[in-house]
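The values are calculated or read from the model by the stated rules, or taken from the named source; none is laboratory data. Note that this is a predicted model, so its numbers are computed, not measured. Positions of Cβ are backbone-derived with ideal geometry, glycine not excepted, and every protein chain shown enters the neighbour counts. Only protein heavy atoms, including side chains, enter the accessible area calculation; ligands, DNA and RNA are left aside. Shrake-Rupley method; radii C 1.70, N 1.55, O 1.52, S 1.80 Å.
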Amino acid sequence: MEMLVQDLRYGVRMLAKAPWFTTAAVLILALGIGANTVVFSILDAVLIRPLPYPKSERLLKADVFNLKSGDFYGKTSYPDFTDWSEQSHFFDHLAAYEDKTFNLAGTIQPEHVKGQVASSDFFETLGVEPLQGRSLASARNQQVVVLSYSLWSHSFRSDPRFIGRSITLDGYSYEVIGVMPPGFQFPDPQTELWVSITSVRPDLREEIVARGNLEMSVIGRLNANVTLSQAQAEIAVIAHRLEQKYPDSNRDLGVRLIPLQEAVVGKFRSTLLILMGSAALVLLIACANIGTLLLARAAARQPEIAIRSTMGATRRRIIAQLLTESLLLAVAGGALGSLLAFSFMGVLVAWSPREIPRISSAHIDLPVLMFTGVVSVLAGILFGLAPAWQMSRDDLNAYLKQNVRGARERKPLTKIMVVTEFALSLVLLTAAGLLGKSLLLLYEVDPGFRADHLLTVEVYRSMSDENEDANWRNWTGFYEQLLARIQTLPAVESAGATLALPIQGRSWNVGFKIDGHAYASLMDQSEAEARIVSNNYFDVMKIPLRRGRFFSEHDAKDSPHVAVINEAVARLYWQNEDPVGRFIQMPAFGAGRCEIVGVVGDIRQAKLSDDPSPGIYVPYTQEIMPWQTLVVRTKNDPMSIASAIRHEVAALDPEQPVARVATLDELMEASTAQPRFRTFLLGSFAGVALLLSAIGIYGVMAYTVSRRTREVGVRMALGARPVDILKLIFGESMTLTLLGVGFGLIGAYAVTRVMKTLLFGVTSTDPFTFTSVTLLLCSVALLASFIPALRAMRVDPMAALRDE
């Protein structure tokens, strides 16, 4: 302990005597450790921490898929879920739930909230009890609701007297029977309430009895002594039994059980692991950089080490002293890195995409700080061990006997570290370049419509009556009146409506039959996305007409049903024929038999990165829908008319809430949040790596020039021109750079292959990207070598020789 204290005191004094070196080393380490701390905290929140439910490792999700094609549907029908519950013996509980939005009336102002229609064992499956009241299981087959803590707080002022009272959702009365604890979220943070699934509501009645209507997500809690493989074997048997019993709806339907945590975060795993690997590479580069600086500094400390050795210090003792200094640097760098991580954590979480689950809970806590501490110690050992080993094995006695200025040193370890820095930097730059090019190509995609000057307004109508005529007046009649009012606003150019707004990931795949084609079963039908739109939707969105006509005012409720298809449907099912005038049968939404009256251009309906999918448009004047998204093309700033539209909605129905108001440009920008997030982070890491590599090559070349002053003087005295000296320095610099580039290209080729799923429009071996980052790295190396080379060119040969 006494020796350790001595080493610490001596290490602090030595670092204090070299303030520029110490400051540079601590800052470099802080960048590397800070980056790792931030990314690890995100990784910990999203991937590592167990789900916040009791014994969450026993929670599973059931995904339905096609046994022949392998396509995953993810959801099942409610009758199938009921059969699974009755026939399975390996689950304590099984629960089904479905996303749904509700109009909440009776509060300070009407609200549109997201909720879940859930089976009775929903909360028992998750293992979470209400904070107040009781769960859905206590009120089977009753019209009840459980509120989230946030909804209870901001809409009902945390009044406990609301337990047992009724609230109005979509015009139906629900008894509030419970409030969930603060922080409870499932399946997402946006969910505000959970209602029981009953047959009282007409819109749920069909879902309860319709087998083949794949709308329900299913989770289950395994029995204590049951394995995943046992449960999987049992559910597969049940699925096969249902296929035999209901061949029309269940043909080729299989079920795969996966851990719930994997279902929640699995698709983000590769992105986060790539970011963590990138941060680790930055730390390795930082360690190599400091190791290079330590080796350069070692020359000045050779007399000190030699004297310590001659006075009896063992090699082990010298290594311990040098490692102590390295660990002091590492601890200081780790402390500063933690402060940087604290500073940027909140900004990064706020800027991160909302789709990444649980990222909002990411923070710097004790486990993250422990990780930072371990990383700091390992970094100190990593960058300190090689220089300490090198210095301790030099023949220091021989060094004391010779002329220091005449000694010509060769430090291959220094050059190895610089080559390593360049190789790792090239890997990071290549990965960042691929993501950057992918993002640029994504921005250049033609969505098939014009997004400028478009305001979108989500409006959801409640079901007021089971009578079709009443619903028609309540839904289509309301939207027609609202659009007519909006159309008269001075700043409005045109206004329309659609069931599913493009680039929002929403789609309704439906089966349809083409007249004259034979189909063996429901599963053999043709498929396309159903898009219910207003008559002038195509004009508002500027979607071009390719053939036939758009919808018109003549396509009314009692007129023959019509449809417009996109080019993808025409290519897929009519190849070289003209589909206009042909007929299709589409049972979904009550469309029935429709005549195709037009063909329009393809649009990117789900995501910009997806190819245009087959789509069938039907007019909302013939197929009623309780919800629509208004699309309003304006003459000026779209948001300037938001309040006017809210006023028009309230004028028609004071109890009608407006769900979301946003420009289409904003929504499209939000759709690229994930690729922007990972490109920004990886690009930042690559930029830091490039800067550290430049510092590394500069340090090595500056050190080389300082140690070869006599050699340069002799060369110039013998007739070498300044340009020859420039070539000499640049030649050594480029040798190290090209070696690093060579190894880096091999590493980049191997590493970037795992990024295929994150790229759009570019291959993982894109020649342009590989060439560009190679030229960039070489240019930076030349620039970093220029100042040392300039210093070498200005050496006075007489002064250099006179010192000898």
*For the pairs Lys727/Lys756; Lys100/Lys513; Lys61/Lys437; Lys513/Lys607, note any where the Cα-Cα span goes beyond 32 Å.*
Lys727/Lys756; Lys61/Lys437
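If we sort 225-231, 22-28, 323-329 on the protection proxy, mean other Cβ atoms within 10 Å, highest first, what's the order? Write out the running numbers ahead of the final one.
Details: 225-231: 13.0, 22-28: 18.7, 323-329: 22.0.
Per-residue mean Cβ counts within 10 Å order the peptides as 323-329, 22-28, 225-231.
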_Run lengths n ≥ 4 of DSSP H only: what is the helix-derived mean residue ellipticity at 222 nm for the chain, with -39500 (n - 2.57) per run over all residues, to the nearest 500?_
-16000 deg cm²/dmol
*Positive minus negative residues near Thr456 (Lys, Arg vs Asp, Glu; Cβ under 12 Å)*: -1
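Tell me the carbon and sulfur percent of the accessible area for the chain, rounded to whole percent, probe radius 1.4 Å.
Percent of accessible area from carbon and sulfur atoms in the chain: 58.
At R0 = 35 Å, how high is the FRET efficiency between Arg794 and Leu413 if r is their beta carbon distance? Nearest 0.05 is fine.
For R0 = 35 Å, the calculated efficiency reads 0.75.
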*asked:* Could you compute Rg(Cα) / (2.2 N^0.38 Å) for the range 657-722, with N its residue count?
replied: 2.46
_Per 0.36 nm of contour for each residue apart, how much would the distance between Asp515 and Ala210 grow if the chain were fully extended, relative to their Cα-Cα spacing?_
107.3 nm
*How would you rank 488-494, 369-375, highest first, on the average number of other Cβ atoms within 10 Å across their residues?*
369-375, 488-494
*Would you calculate the separation in nanometres between label points at Ser343 and Arg157, each defined as 7 Å from the Cα along the Cα-to-beta-carbon direction?*
4.4
_For the chain, diffusion coefficient by Stokes-Einstein and Kirkwood Rh (Cα), 4 °C, 1.567 mPa s, µm²/s_ = 41
_Run the simple label-point estimate for Glu553 and Val226 please: 7 Å along Cα→C-beta, distance reported in nm._
6.2
*Between Gln143 and Gln244, what length in nm is gained on full extension when 0.36 nm per residue of separation is reduced by their alpha carbon distance?*
32.9 nm
*For the chain: relative contact order, % (alpha-carbon pairs under 8 angstrom, 6 or more apart)*: 16
_the range 67-202 pair-distance distribution - Cα-Cα, 5 Å bins, rounded %_ = 2, 10, 19, 23, 20, 12, 7, 4, 2, 1, 0
*Computed FRET efficiency, Cβ-Cβ of Leu131 and Ala659, R0 41 Å: what is it to the nearest 0.05?*
0.90
*Stretchable slack from Arg753 to Ala670, in nm (0.36 nm times residue separation minus alpha-carbon distance)*: 27.2 nm
*Tell me the label-point distance for the pair Ala491, Trp574, using the 7 Å Cα-to-Cβ offset, in nm and rounded to one decimal.*
4.1
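Using only alpha carbon pairs under 8 Å that are at least six residues apart, calculate the relative contact order of the range 538-695 and give it in whole percent. Show your work: numbers first, answer last.
Values: 162 pairs, mean separation 35.0, N = 158.
Answer for the range 538-695 is 22 percent.
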*For a label point 7 angstrom out from the Cα of Asp92 toward its Cβ, which stretches of the range 51-72 have the backbone nitrogen within less than 16 Å?*
51-61
*asked:* Based on alpha-carbon centroids, what's the gap between the range 325-347 and the range 198-232 in Å, whole number please?
replied: 49
*What percent does the relative contact order of the range 1-112 come to when contacts are Cα pairs within less than 8 Å and at least six residues apart?*
8
*Which lysines have a Cα less than 26 Å from the Cα of Lys55, not counting those fewer than 8 places away in the same chain?*
Lys75, Lys267
_Students sometimes get this wrong: rank Tyr573, Tyr698 by accessible area, probe 1.4 Å, all chains present, largest first._
Tyr698, Tyr573
_Alpha-carbon spread of the range 1-154, three principal axes, descending order, Å_ = 78, 52, 35
*Given a Förster radius of 51 Å and the C-beta distance between Glu711 and Ala320 as r, what FRET efficiency does 1/(1 + (r/R0)^6) yield to the nearest 0.05?*
0.90
*Consider just the alpha-carbon atoms of the range 585-706 and return their Rg together with their Dmax, both in angstrom.*
26.1, 87
_Using DSSP H assignments, which helices in the chain have an axial alpha-carbon span of 30 Å or above and a mean Kyte-Doolittle hydropathy of 0.5 or higher?_
19-43, 269-298, 315-351, 366-392, 412-443, 673-707, 722-751, 767-793
